[in-house]
Amino acid sequence: MRTSFLRTLFFMLLANSILNAGGILDIKWPELNQAQQKAVASYPKVLSEGIKEVRLPVYLSSSYVDDQNMIVVSNKDFYSISFLLEGATLLFEGDRTYQEVVSVKNSEFQKIVQKLKPVEFSKSEEVMIAQFNRHGANYSISVECEKPQTDKRCTEEAFIRGLYGNIILVGGKR
């Protein structure tokens, strides 16, 4: 379990440094109502302090928002929130970085965008992943299991779909 966590943490930090090599995407912020704004103030300190400088909407599954044992790694353009579950590691990430500038009027870009799904569920190297784009930012939810061949969280999409279905806006800074 510790090896899995350290590997996940390493990849989070590596992804952050690679992603920050490009540029920054503009974010179209969602509007928050008063109930959502009050809820943000009641989150665990590890979450509220960990994401206070992040300049993109931060999403997390409502099932894990009160977990005091989350690990938050962030900077202004990236966040990673991880949870050590029994037999698995769960990771929520968001970033607003990119590697290449492409005009939205570019015909090849338009073809690619038309084919994109609102959320893409996949399995890569025994890790279940949900990837999506909101407000011009990139997001992912992933679960890595200690026993990926037998753990239903890594053999079936139900767990990852449930996490995606319960994501809520928990913060970020304009």
Residue pairs within 8 Å by beta carbon, gap of at least six or interchain, first lying in region 46-74 and at positive phi, second in a helix (DSSP H, G or I) and not acidic (Asp, Glu), listed first then second, are none
Of those in region 58-95 that are outside any strand (DSSP E or B) and polar (S, T, N, Q), the residue nearest to GLU146 (Cα to Cα) is ASN69
Scanning region 75-93 for residues that are among the acidic types (Asp, Glu) and touching a residue at least 12 places away in the same chain (Cβ under 8 Å), the one farthest from SER140 (Cα to Cα) turns out to be ASP77
Per the filter on region 85-106, residues at pLDDT 75 or above and either of a type in the set (S, T, N, Q) or under 20 Å from ALA130 (Cβ atoms) (or both) are LEU85, GLY87, ALA88, THR89, LEU90, LEU91, PHE92, GLU93, GLY94, ASP95, ARG96
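I want to confirm something. Restricting to region 127-163 and keeping residues that are part of a helix (DSSP H, G or I) and aliphatic (A, V, I, L, M), which single residue is farthest from LEU56 (Cα to Cα)?
ALA158
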Exactly one of ALA137, ALA158 is without any contact (Cβ under 8 Å) to a residue 12 or more places away in the chain and either more than 17 Å from SER82 (Cβ to Cβ) or in contact with a helix residue (DSSP H, G or I) (Cβ under 8 Å, 6 or more places away or on another chain) (or both), and that residue is ALA158
The correct count of residues that are touching a Phe, Trp or Tyr at 6+ places or on another chain (Cβ under 8 Å) and surrounded by fewer than 17 Cβ atoms within 10 Å (Cβ to Cβ) in region 141-156 is 1
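The values are calculated or read from the model by the stated rules, or taken from the named source; none is laboratory data. None of these values were measured; they are calculated from a predicted model. Backbone-built Cβ (ideal geometry, glycine too); neighbour counts: all protein chains shown.
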